[in-house]
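Read-outs throughout are calculated quantities, based only on the coordinates presented, and are distinct from any laboratory measurement. Note that this is a predicted model, so its numbers are computed, not measured. A quick note on method: Cβ atoms are made from the backbone with ideal geometry, for glycine too, and the neighbour counts reach across all protein chains shown.
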Amino acid sequence: MLRKLLNYLLSPFRRYLSFFLFSLLFSSSVQIIAFAMLESFPKGVYIAMHHYVICYFLALLWGLLSGLCKKVYAVILTILLVVNYLIDFFCLYVYDCVFDREISAVILGTNNEEAVEFIGTFFSWWLMILPLLGLFGVWGVYRLLKSMPPRLGVRVSVACLILVVFSLINILCGSRKNFGLVSIGKVYTFLSTTTPPDLKMYYTNPRIDGDSATYPENVVVIVGESLTKSQMSLYGYDKETNPLLWKLKKDSSLFVFSNVMSPAKNTVPTFKSLMSTYRQEYRDDINWYECTTLLEIMDVAGFRTEWVSNQSSKGWHDNVVAKYAALADTAIFVGNRFSPSKNGDYDGLILDVLPSLLDDAESKFQIIHLMGNHYAFDKRYPAEYECFSPMDYEAYPEHQRYNRATYDNSVLYNDYVVGSIMDSYKDKDAIVFYFSDHSIDIYETSDDYVGHARRDDIAVGKRIPFMVYMTDTYKKNHSFVYNKIIETVDRVFNTEDFIYTIMDVVGLRFKDNGDVERYTLFSIN
């Protein structure tokens, strides 16, 4: 009996070695290359142990099946391994990193239309040829192994079994924070990204202090998308892409901040911090959806809350963001993000609905979420804003010129939209914040790459524009706040603390902690 059990436990190395190696190659080959390139040896060892154990048990199950069940198992497993391989290849080739939560957010944060735009922007024959060559290579190795057929000696097989036990113990006793990187862990990562709960179920009923008599009539937050400071004349770019915002700055109504970063390189993780007290450093120690939200605080303070968006209200793309939007008293989604992009659901549509939201005089907190400068850039602006052409970028390589021209056109149109939104509040007691959820890499880190920043240690993906617009009425009614704001334009700040900044401007404090005073950008005391 013990002999049969031992033979079965050794079967992945004695009888099914070709199947075991085939699974191992498919599940880990790309990640091994990635970790070698990224010089992350400890994490690479951790991932290797996981895949080694997973593939061992896959081979054990293979030995228990026969006939049709065995064939179906092989087909399903091969499909899953190929999908895992393609995800890893995509992450390495496009984003120069391994799969993680942020990549999951990017993949799942893309609706049908944006997927088409992504392919149109980043399509390359190498993106099809290289993974296919890899697939044929792995399949060729498998056929070669199967034809031999290889098998290990008893002593070597026992050593390999001992390594399985050692790896399993190490996995169970060690840190699990990297579990989402391995093949099976990807399923968990995807599911945890796509199934956010109803945030109202987790209301924390915050205890706050504030005086409604001092509230501004309008506190407005405009959140852009994929806007980089490097292409904004407001921040020194040599092409005039911000004529309206520059005029507001010249009139001393707009104050431009120079050292602001986003908490993440992608929309979903950024909004988790931006809209609540959740911080990126918490990771899985604290669930993001259990943290106090900005909209809940403003509601408790007595503000009417409104959310206006030109992004999706349903589907994978905005599932987390839409959960925050659902907390508002009024949520309006002006664009049909699932329509063909040729219909032109431009951000200017938001200007059509603003007048109806500006009629009443009650204190209001509004969040305006733009499509902004998301690729494909040539879909982000109408024809009359096609002011820059590839011929204006002859100093750059030819393959960059179209993307540079269309991106700058999108920045110019974005300037019109944001400037017009700010101008619509000019006769009111209003303060308007504008910043991008994250930045974008426009050939800054590589001559052949444009898109979301690819590595965590590259600031280009998090270095964002940030500005505050104050009307004359606001300056007069809230002079103390105004004076403190203009003193902090060069302060280093991360928008994961934005909730405390809003509370500070309004005059709100938590009764049971001093986080507002600790984390606010303005330190208004």
* To do: Find out how many positive minus negative residues lie around Gln366, taking Lys and Arg as positive, Asp and Glu as negative, among other residues whose Cβ is under 10 Å from that of Gln366.
  => +1
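Which of the peptides 512-521, 222-231, 491-500, 239-248 is most tightly packed, and how do the rest follow, judged by the mean count of other Cβ atoms within 10 Å per residue?
Values: 512-521: 16.1, 222-231: 22.9, 491-500: 20.4, 239-248: 18.8.
Top to bottom by mean Cβ count within 10 Å: 222-231, 491-500, 239-248, 512-521.
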* To do: Multiply the residue gap between Leu65 and Ser523 by 0.36 nm, knock off their C-alpha separation, and tell me the result in nm, one decimal place.
  => 158.2 nm
* Can you work out the base-10 log of I(q)/I(0) for region 457-525 at q = 0.12, 0.13, 0.17 1/Å, using the Debye formula on its C-alpha atoms alone? -> -0.36, -0.42, -0.68
* Asked: Quick one: Karplus J couplings for region 372-378, per residue in order, coefficients 6.51, -1.76, 1.60, θ = phi - 60°, nearest Hz, x for Gly and Pro?
  -> x, 10, 5, 5, 6, 4, 6
* Structure fact -> Scattering profile of region 337-453 from the Debye formula, Cα beads only, expressed as log10 I(q)/I(0) at q = 0.17 Å⁻¹, is -0.92
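How fast does region 263-307 diffuse by Stokes-Einstein, in µm²/s, taking the Kirkwood radius from C-alpha pairs at 37 °C and 0.692 mPa s?
Working: Rh = 11.3 Å.
D = 291 µm²/s.
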* Asked: How long is the gain from Glu290 to Val156 if the chain were fully straight, where each residue apart is worth 0.36 nm and the alpha carbon distance is subtracted?
  -> 43.2 nm
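Sort 393-405, 287-299 for me by packing, meaning the mean count of neighbouring Cβ atoms within 10 Å per residue, highest on top.
Going by the mean number of other Cβ atoms within 10 Å, highest first, we get 287-299, 393-405.
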* Structure fact -> Residues whose built amide H sits under 5 Å from the amide H of Ala453, excluding neighbours closer than 5 in sequence, are Asp441
* Compute the Rg to Rh ratio over region 193-235 from the alpha carbon atoms, using the Kirkwood formula for Rh, and round to two decimal places. => 1.15
* Simple spin-label estimate for Tyr73 and Val492 in nanometres, 7 Å along Cα-Cβ -> 5.6 nm
* Taking the Cα-to-Cβ direction at Asp448 and at Ile129 and moving 7 Å from each Cα, how far apart do the two end points lie in nm? -> 1.0 nm
* Structure fact -> Taking Cα atoms only, Rg over Rh for region 203-313 with Rh from the Kirkwood formula is 1.01
* To do: Mind listing the long-range amide H neighbours of Thr204? Cut-off is under 5 Å, sequence gap 5 or more, other chains count too, H placed in the peptide plane at 1.01 Å from N.
  => Thr293
* Structure fact -> For Asp427 and Val45, extending 7 Å from Cα along the Cα-Cβ vector and measuring point to point gives, in nm, a value of 7.0 nm
